[in-house]
Structures are given as C-alpha cells and as structure tokens.
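For reference, the structure discussed in these notes is given below.
Values in this text are rule-based calculations from the coordinates and carry no lab data. Note that the coordinates shown come from a computational prediction; the quantities given were computed from them, not determined experimentally. Here the Cβ positions follow ideal geometry from the backbone for every residue, glycine too, while neighbour counts run over all protein chains shown.
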Amino acid sequence: MSNSESPSDRNFSIFSNWSASKTDSDFRQLVGRGVLSRTEIARECQFAKSVLAQNPRVKEALRVLEDGLRDRGVLPPIALVDSDSTDNNQMPVLSQRKRHSTDTDPDRRLLEIENASLKAENDLLKQRLSKYESLHTALLLTGRVPR
C-alpha cells in the first residue's frame with residue numbers, strides 16, 4: 001500500500017477487482033434472500049463486513065453490481081417497501097416469498113417427508129376404493145343399496 005492510498009481506497013480497489021473476476025455463475029452461488037451474501041463477499045475480499053455498509057464507494061459499487069445482476073436475471077427482482085429502508089442499511093424486502101432450503105431447515109424436511117408419505121397412502125386408498133365403485137354403481141342401479 002502506497003503512502004497516498006487510504007484503507008478506503010484499498011478496500012474499494014479490492015472489491016472492484018473481486019467483482020470483475022466473478023462470473024454470473026459465481027454470483028449465483030453467493031445469492032441469499034435475494035441479494036448477494038455480505039458475509040461471503042467480505043470473507044472473499046478479506047475485509048470486515050462493515051466495509052460494505054460504511055465505505056460509500058464500496059456500498060455504491062455493490063448496489064450497482066446487484067442492480068446489474070438483477071437486470072441480467074442472476075438476482076430476483078425486488079420491491080422496496082419504503083425508500084428509507086436502504087438508507088438505514090437494512091435489507092430490501094423481496095417481492096416474492098422467501099425460499100426455504102430443505103438442507104437448512106430440518107423441521108421443514110420432516111414435514112415434507114410426512115406429507116409425501118400421506119400422499120402415497122392416500123393414493124393407495126383411492127386405488128383400493130375404486131375397485132368397489134363399480135360394485136356400488138351396480139347395486140345403486142338395481143335398487144339394492146343398503147341404507
């Protein structure tokens with residue numbers, strides 16, 4: 001680092017080089033809750049996560065990067081609830097429902113397994129019942145249906 005280069009300039013340079021070296025496929029792996037993972041970016045750039053929120057040049061470059069990724073379809077489109085939310089360093093609210101990963105939510109995984117099991121059992125019972133529907137129809141036509 002030269003004497004004239006401040007830590008702010010150095011961090012912006014690191015971020016710029018990092019973002020230029022990534023492909024759309026690389027960015028897709030960093031998506032979480034509709035935005036790029038700040039934690040992963042900070043880890044890969046080897047600076048504090050606070051740099052992404054406090055350094056105005058890095059913050060603006062990240063916003064421009066995410067907007068460009070949204071335009072290319074890498075990130076999902078967002079709808080901001082109110083314009084102050086981005087000024088307070090809060091995450092923008094997604095217009096689509098949060099997607100749950102079955103790997104990270106064990107309760108959801110168990111419920112999905114139970115749901116699949118119940119659907120299979122339901123299909124089996126419907127199949128068994130269909131065997132008796134023709135018999136029921138014949139009894140109904142002849143007037144022999146027990147009451």
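Note: the stretch 1-47, Cα convex hull, 72 Å³ per residue.
For the stretch 100-147, the equivalent ellipsoid derived from the Cα gyration tensor has semi-axes of 42, 8, 6 Å, listed largest first. If you take all other residues with their beta carbon under 11 Å from the beta carbon of Lys119, and give Lys and Arg +1 and Asp and Glu -1, the sum is -3. Working ranking of peptides 139-145, 107-113 by packing, defined as the average number of other Cβ atoms within 10 Å per residue, highest first, is 107-113, 139-145. The stretch 107-147 and the stretch 11-61 have Cα centres separated by 54 Å. Under the shape rule built on the C-alpha gyration tensor, where the axes satisfy a ≥ b ≥ c, the stretch 7-87 is oblate, since a/c reaches at least 1.5 while a/b does not exceed b/c. Computed extension gain for Ser13 through Gln46, at 0.36 nm per residue and net of the alpha carbon distance, reaches 10.7 nm. Taking label points 7 Å from Cα along the Cα-to-Cβ direction, Ala116 and Leu129 give a separation of 2.4 nm.
Straight-distance candidates among the lysines for linking to Lys22, with alpha-carbon spacing under 22 Å and chain neighbours fewer than 8 residues away dropped: Lys49, Lys59.
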